[in-house]
Amino acid sequence: VPEGARARLRAEFGVAPGAPLLGVIGRFYTVKGQRDLVEMLPAIVQRVPGAVLVFAGDGPERSNCEQRVAELDVG
């Protein structure tokens, strides 16, 4: 990883330098469990304040995940 790349990516996504960062890359399909992870996020943030989850990908379940993120107010 080139020097400074992590800091640039964190800045681009608005993630504080010391915040715990989780990332998921993949197609949004039910069997992949992205929605399950969204459902777990409030508990994760409760145990690890400031934790950030970033998804990268697309697929048929993406809009459902985005909707659930909004409903849980964890966006």
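The values are calculated or read from the model by the stated rules, or taken from the named source; none is laboratory data. Quick caveat, the model's predicted, so the values are computed rather than measured. Here the Cβ is made from the backbone with ideal geometry for all residues, glycine too, and neighbour counts use every protein chain on show. The area values use the complete protein model at the heavy-atom level, side chains included, leaving out ligands, DNA and RNA. Shrake-Rupley method; radii C 1.70, N 1.55, O 1.52, S 1.80 Å.
Rounded to the nearest 500, what is the chain's calculated 222 nm mean residue ellipticity when only DSSP H runs of at least 4 contribute -39500 (n - 2.57) each, over all residues?
Counting only the DSSP helices, I get -14000 deg cm²/dmol.
Residues with beta-carbon under 14 Å from that of Leu72, excluding Leu72: net charge, scoring Lys, Arg +1 and Asp, Glu -1?
-3
Would you kindly calculate the translational diffusion coefficient of the chain, applying Stokes-Einstein with the Kirkwood radius from alpha carbon pairs, for 25 °C and a viscosity of 0.890 mPa s, and quote it in µm² s⁻¹ without decimals?
The estimated diffusion coefficient comes to 185 µm²/s.
Please compute the modelled spin-label separation between Thr30 and Ala7, points set 7 Å along Cα→Cβ, answer in nm with one decimal.
That separation, rounded to one decimal, is 4.6 nm.
For region 29-75, what does the accessible surface come to per residue with a 1.4 Å probe? Please give it in Å².
Using a 1.4 Å probe on heavy atoms only, each residue of region 29-75 averages 68 Å².
Can you list residues from other chains, or at least 5 along the same chain, whose modelled amide H is less than 5 Å from the amide H of Leu53?
Sorted by chain and number, the residues that satisfy this are Leu22.
Roughly speaking, to the nearest percent, how much of the chain's 1.4 Å accessible area is carbon and sulfur?
Using a 1.4 Å probe with all protein chains present, the chain comes out at 56 percent carbon and sulfur.
So how tilted is helix 34-47 from the main axis of the chain? Cα-based, degrees 0 to 90, rounded to 10.
Its long axis makes an angle of about 50 degrees.
Determine, for each peptide in 54-61, 42-49, the mean count of other beta carbons within 10 angstrom over its residues, then list the peptides with the highest first.
54-61, 42-49
With charges set only on the Cβ (+1 for Lys and Arg, -1 for Asp and Glu), what does the dipole of region 1-66 come to about its Cα centre, in debye to the nearest 20?
Rounded to the nearest 20 debye, it is 120 debye.
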